[in-house]
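The values are calculated or read from the model by the stated rules, or taken from the named source; none is laboratory data. None of these values were measured; they are calculated from a predicted model. Cβ atoms come from the backbone with ideal geometry, glycine included; neighbour counts cover every protein chain shown.
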Amino acid sequence: MAGVGEGQLGEASHLRGLDAGLGRPSRDPDPPLEVREPSEEGLAVAVQAHGLGEDAEPLGHRLEVEAQRGLDQGKPVRTLDWSKEEHAVLDPLFLLTAKPALYVANVGEHGFEGNPLLDAVERYTASEDTPVVAICASLEAQIADMPNEDKQLFLDDMGMHEPGLNRVIRAGYKLLGLETFFTAGPREVHAWQLHIGQTASEAAGTIHTDFERGFIRAEVIASEDYVACGGEQRAKEAGKMRLEGRDYVVRDGDVIYFRFNV
């Protein structure tokens, strides 16, 4: 995003609507990254604007005081001990340090082990229970445009199992509690995001509200079976397709065909 790389994070108000933050640590290991919330006056204004001031909402005022106290001590809001009810009160304030965070450390080709800077970042992130993923941007740039076969050979030569981008994506999904399900047709396969624990009817609703409103059933094939059998028809013939109702909890990698009627 424009301005973020030039130290203008505090002015990028559009970042406040994001679900999580991605931090790129600097070469200074102490601290690797600093994100500032608004001043005490600014936090108070935000609280009042959302009807959570001392007069309107005692709980909101108390949380404002506790959040400010933590920030004054250099503690991100997400590291403070909040109840579910308190989280619900704080969410409308869109505090940057209340969002889940993921740090990505750019290291040299041989900097994944025995790297004091990476060790410092890992110590810092461990103190706030935040994940960190180490990647080598120069290697990522080299393999980005390679054909898959060449890419795998390159990774094997470097002693790597997969590109660093894959690890960043998985870490982000885990951080946000997301999983993927697929819809597949003769011409394309589409991947859809879903929160872990959501049901088949809710998954249908991510595609279109009519799918959820008129949900009848879900025809489900695990992605591994879909690929191994060579598609939907052969997976059906092999008995790998299941019929599931609206309360079925979707699993990561499910390939789903929704039956609905509106």
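Side notes on the structure shown:
- Residue within region 177-194 that is among the basic types (Lys, Arg) and either within 19 Å of Arg259 (Cα to Cα) or under 23 Å from the mean Cα position of the chain (by Cα) (or both) present: no
Each row is one residue, and each column tells you yes or no for (1) without any contact (Cβ under 8 Å) to a residue 12 or more places away in the chain; (2) not assigned by TED's automatic domain parsing to the domain that holds Asn106.
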{"position": "Gly164", "(1), (2)": "no, no"}
{"position": "Ala184", "(1), (2)": "no, yes"}
{"position": "Gly197", "(1), (2)": "no, yes"}
{"position": "Ser201", "(1), (2)": "no, yes"}
{"position": "Thr206", "(1), (2)": "no, yes"}
{"position": "Glu219", "(1), (2)": "no, yes"}
{"position": "Cys229", "(1), (2)": "yes, yes"}
{"position": "Ala238", "(1), (2)": "no, yes"}
{"position": "Arg246", "(1), (2)": "no, yes"}
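- Reported count of residues in region 120-136, each being among the hydrophobic types (A, V, I, L, M, F, W, C) and in a helix (DSSP H, G or I), is 3.
- Filter pass, Ser201 being polar (S, T, N, Q), over 23 Å from Leu175 (Cα atoms), surrounded by 16 or more Cβ atoms within 10 Å (Cβ to Cβ) and under 27 Å from the mean Cα position of the chain (by Cα): yes
Listed here are the residues, each with its yes/no results for (1) in a loop (DSSP other than H, G, I, E, B); (2) of a type in the set (S, T, N, Q).
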{"position": "His161", "(1), (2)": "yes, no"}
{"position": "Arg167", "(1), (2)": "no, no"}
{"position": "Ala171", "(1), (2)": "no, no"}
{"position": "Gln193", "(1), (2)": "no, yes"}
{"position": "Gly197", "(1), (2)": "yes, no"}
{"position": "Gly205", "(1), (2)": "no, no"}
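- Evaluation of Asp210 against (1) in contact (Cβ under 8 Å) with a residue 40 or more places away in the chain; (2) surrounded by 12 or more Cβ atoms within 10 Å (Cβ to Cβ); (3) within 27 Å of Thr130 (Cβ to Cβ) (one fails), failing number: (3)
- Filtering Val220, Val227 for residues that are aliphatic (A, V, I, L, M), under 25 Å from Tyr173 (Cβ atoms) and in a strand (DSSP E or B) leaves a single hit, Val220.
- Within the set Leu102, Leu139, Leu117, the sole residue that is touching a residue at least 40 places away in the same chain (Cβ under 8 Å) and part of a helix (DSSP H, G or I) turns out to be Leu117.
- Selection of region 95-110 for residues being surrounded by fewer than 16 Cβ atoms within 10 Å (Cβ to Cβ) and within 14 Å of Val133 (Cα to Cα) yields only Gly108.
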